[in-house]
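One structure is given below, encoded as structure tokens.
The values are calculated or read from the model by the stated rules, or taken from the named source; none is laboratory data. Only a predicted model underlies this, so the values are computations on that prediction, with no experimental measurement involved. Here the Cβ positions follow ideal geometry from the backbone for every residue, glycine too, while neighbour counts run over all protein chains shown. Heads up: the accessible areas ignore ligands, DNA and RNA and are worked out on the full protein's heavy atoms, side chains in. Shrake-Rupley method; radii C 1.70, N 1.55, O 1.52, S 1.80 Å.
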Amino acid sequence: MLTLTPQDALLVIDVQNDFCPGGSLAVTDGDQVVPLINRLAAHFEHVLCTQDWHPAGHISFASAHPGTQPFTTIEVAYGPQTLWPDHCVQGTPGADLHPGLHLPHAELILRKGFRREIDSYSAFLEDDHATPTGLASYLRERGLKRLFICGLAYDFCVRASAIDGTEAGFECIVIEDATRAVDLPGSVEETQRVLRSSHVAHIFSSDI
Ligand code: VGL
Ligand code: ZN
């Protein structure tokens with residue numbers, strides 16, 4: 001069992017309707033993380049959430065690039081960009097947090113991906129690897145040092161948040177069974193490899 005301290009936070013990534021069954025970018029069994037996260041959150045003094053929050057016509061939408069299909073990759077100014085179905089459009093029901101998520105004491109809801117020309121998988125840095133979301137400064141100012149990361153999707157936003165959080169000097173731990181993956185070809189294996197080489201630990205929700 002892990003002992004939690006007041007410097008720990010639960011970081012809940014993108015548990016939104018569009019990433020759950022019935023949503024436009026549904027992750028298989030995405031909604032199954034909800035009861036686990038509700039239980040976990042009760043153990044944490046500090047709970048922070050992110051919300052993928054795109055304007056219409058966002059650069060990550062295949063619909064914004066005529067002739068392309070979702071789940072293919074194009075080159076944009078900051079490198080390769082996987083194209084997605086339209087999802088988490090600002091102010092739409094698909095962008096809402098899952099209604100079963102019960103995080104009344106969450107202290108922050110951080111929105112990301114709101115610039116039309118830059119995607120943002122990570123809760124820390126947008127995909128140009130230069131534009132900060134402000135989360136690192138927020139955590140430093142509040143003295144939060146260790147992040148337990150869960151939510152959707154393991155192989156995109158959870159992965160990027162854990163990597164960038166580690167690089168920013170926070171200890172990042174992924175709660176494996178409280179995540180689900182988009183699971184494009186090879187994406188889960190690559191995520192496991194990359195997280196291992198960044199020394200991001202994986203635990204199970206039963207460890208808390
Ligand atoms: C995500 C794809 C596109 C995620 C967000 O939350 O993992 N994946 N936008
Ligand atoms: Zn997105």
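Tabulated values for the structure
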{"item": "Subset of the stretch 2-27 (residues that are under 21 Å from Arg39 (Cα atoms), open to solvent by 10 Å² or more (accessible area, probe 1.4 Å) and either within 12 Å of ligand 2 (Cβ to nearest atom) or among the hydroxyl-bearing types (Ser, Thr, Tyr) (or both))", "result": "Thr3, Thr5, Phe19"}
{"item": "Options Phe124, Phe148; residue that is modelled with pLDDT of 95 or more, away from ligand 1 (no atom under 16 Å from the Cβ) and crowded, with 16+ Cβ neighbours inside 10 Å", "result": "Phe148"}
{"item": "Cβ pairs under 7 Å, 6+ apart, first in the stretch 141-164 and among the β-branched types (Val, Ile, Thr), second in a loop (DSSP other than H, G, I, E, B)", "result": "Ile163/Ser198"}
{"item": "Within the stretch 53-74, tally of residues that are surrounded by fewer than 16 Cβ atoms within 10 Å (Cβ to Cβ) and within 16 Å of ligand 2 (Cβ to nearest atom)", "result": "11"}
{"item": "Any hit, the stretch 102-125, residues being assigned to a strand (DSSP E or B), within 11 Å of ligand 2 (Cβ to nearest atom), touching a residue at least 40 places away in the same chain (Cβ under 8 Å) and among the β-branched types (Val, Ile, Thr)", "result": "no"}
{"item": "Selection count where residues are within 12 Å of ligand 1 (Cβ to nearest atom), in contact with a His (Cβ under 7 Å, 6 or more places away or on another chain) and open to solvent by 20 Å² or more (accessible area, probe 1.4 Å), scope the stretch 75-113", "result": "1"}
